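Reviewing the structure listed below.
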Amino acid sequence: MKGYYGDRGDRFASLEKRGFRAALLRLLETEYKLAGSHRVLEMLNDDIEQLIQEYYPKRDRLEPGAICWVTTKKSARKPSYGKRTEDYESVMVYLPLITASDLDKRVFVKAGTKNSNYVINRERDLATMARLVKAAWEQGGMLSQAELCVLMNRSLTTMQKYVAEYEAKHPEDMLPLKGYILDQGSRPTHKGLILNLYEQGVDPTDIARRTNHSLDAVDNYIKAYERVKGLVRKKLERAEISKVTGFSIKLVDAYLSVVKHFHPKLGHVMPKLADKKKAQR
């Protein structure tokens, strides 16, 4: 009987060896010839199972109108030259693409005025854009404008106009877009707002919260700004400041504009900024 129950125990134990985990281990050993420590294969198996949980979520986690999306993880740093998209850490987020409010606005349309449908559609798009970006940020992700184009089925040109319009209407509600957070591109909008708040005496922690930036990013902007300000006091020209700091002339000018606004007494040592009209010719 002892042998019988022992056999029966083996029979039940064998059921566990027919699942995904056992099949994956067998595949790694036989097809990929990953011979060696079984413990290493077990750890590799654990990691693969974890990735499956992250990238192939259960359907019951999604609400109607929501979409699961893989985007850049918030912890990503400013990219080095030649860094590929796949080199960034990513995170799965759940985005409220369509809400009950969106449906209501489509049902109860106030028609009768010229271009009313265009205005309503544009306002809805702006609200959707902000909602998606903020939802991703709250879950540890950063959406890019290109991702918004795909999610909302809009062109990149249209999305750029949306971002600019939203910033104009909500100057202190900065959208935490990937390009801004990782400091890609040359637009000084976020830098300018952060440094304006800093010069007004707002605590860096509050600046980070109000501008949807990490505290490290805010500190980096402030340190760079103070460095430029110090070089102005030493009477360095724009090109010299650029060379010492490694910043582009355009970025130096962005910092100098803030210095000029808040420290008019430095006017006698302030480098002459570029003539915008000449630069546009």
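The values are calculated or read from the model by the stated rules, or taken from the named source; none is laboratory data. Predicted, not measured: the structure shown is a model, and the values here were computed from it. Reconstructed Cβ throughout: ideal geometry from the backbone, glycine too, with neighbour counts over all protein chains shown. Areas reflect the complete protein model, heavy atoms only, side chains present, ligands, DNA and RNA absent. Shrake-Rupley method; radii C 1.70, N 1.55, O 1.52, S 1.80 Å.
Can you report the number of residues in the range 253-280 which are open to solvent by 30 Å² or more (accessible area, probe 1.4 Å) and modelled with pLDDT of 65 or more?
Final tally of qualifying residues: 11.
Thr99 - would you say it is among the hydroxyl-bearing types (Ser, Thr, Tyr), open to solvent by less than 50 Å² (accessible area, probe 1.4 Å), at pLDDT 80 or above and out of contact with any strand residue (DSSP E or B) (no Cβ under 7 Å at 6 or more places or on another chain)? Let's see the steps before the verdict.
Values: among the hydroxyl-bearing types (Ser, Thr, Tyr): yes; open to solvent by less than 50 Å² (accessible area, probe 1.4 Å): yes; at pLDDT 80 or above: yes; out of contact with any strand residue (DSSP E or B) (no Cβ under 7 Å at 6 or more places or on another chain): yes.
Considered against the rule, which asks whether it is among the hydroxyl-bearing types (Ser, Thr, Tyr), open to solvent by less than 50 Å² (accessible area, probe 1.4 Å), at pLDDT 80 or above and out of contact with any strand residue (DSSP E or B) (no Cβ under 7 Å at 6 or more places or on another chain), Thr99 comes out as yes.
Of the conditions (1) at pLDDT 65 or above; (2) farther than 30 Å from Gly141 by Cβ; (3) open to solvent by 90 Å² or more (accessible area, probe 1.4 Å), Met43 clears all except one; give me its number.
(2)
Output the residues belonging to the range 204-252 that are under 18 Å from Val269 (Cα atoms) and aromatic (Phe, Trp, Tyr).
Selection gives Tyr225 alone.
Hey, any hits in the range 81-94 for a residue that's of a type outside the set (Phe, Trp, Tyr), open to solvent by 100 Å² or more (accessible area, probe 1.4 Å) and at pLDDT 70 or above?
Just the residues of the range 81-94 that are of a type outside the set (Phe, Trp, Tyr), to begin with: 82-87, 89-93.
Still in the running and open to solvent by 100 Å² or more (accessible area, probe 1.4 Å): 84-86, 89.
Subset that is at pLDDT 70 or above: 89.
Yes, the conditions are met somewhere in the range 81-94.
I'd like to check something: does the range 115-134 contain any residue that is open to solvent by less than 20 Å² (accessible area, probe 1.4 Å), at pLDDT 85 or above and among the acidic types (Asp, Glu)?
For the range 115-134, residues open to solvent by less than 20 Å² (accessible area, probe 1.4 Å), at pLDDT 85 or above and among the acidic types (Asp, Glu): present.
Evaluate the range 142-164: report whether one residue or more is small (Gly, Ala, Ser) and crowded, with 18+ Cβ neighbours inside 10 Å. Before you say what the answer is, go through the steps one by one.
Taking the range 142-164 as the starting set, the residues that turn out to be small (Gly, Ala, Ser) are 144, 146, 155, 164.
Now narrow it down to the ones that are crowded, with 18+ Cβ neighbours inside 10 Å: 144.
Within the range 142-164, one or more residues are small (Gly, Ala, Ser) and crowded, with 18+ Cβ neighbours inside 10 Å.
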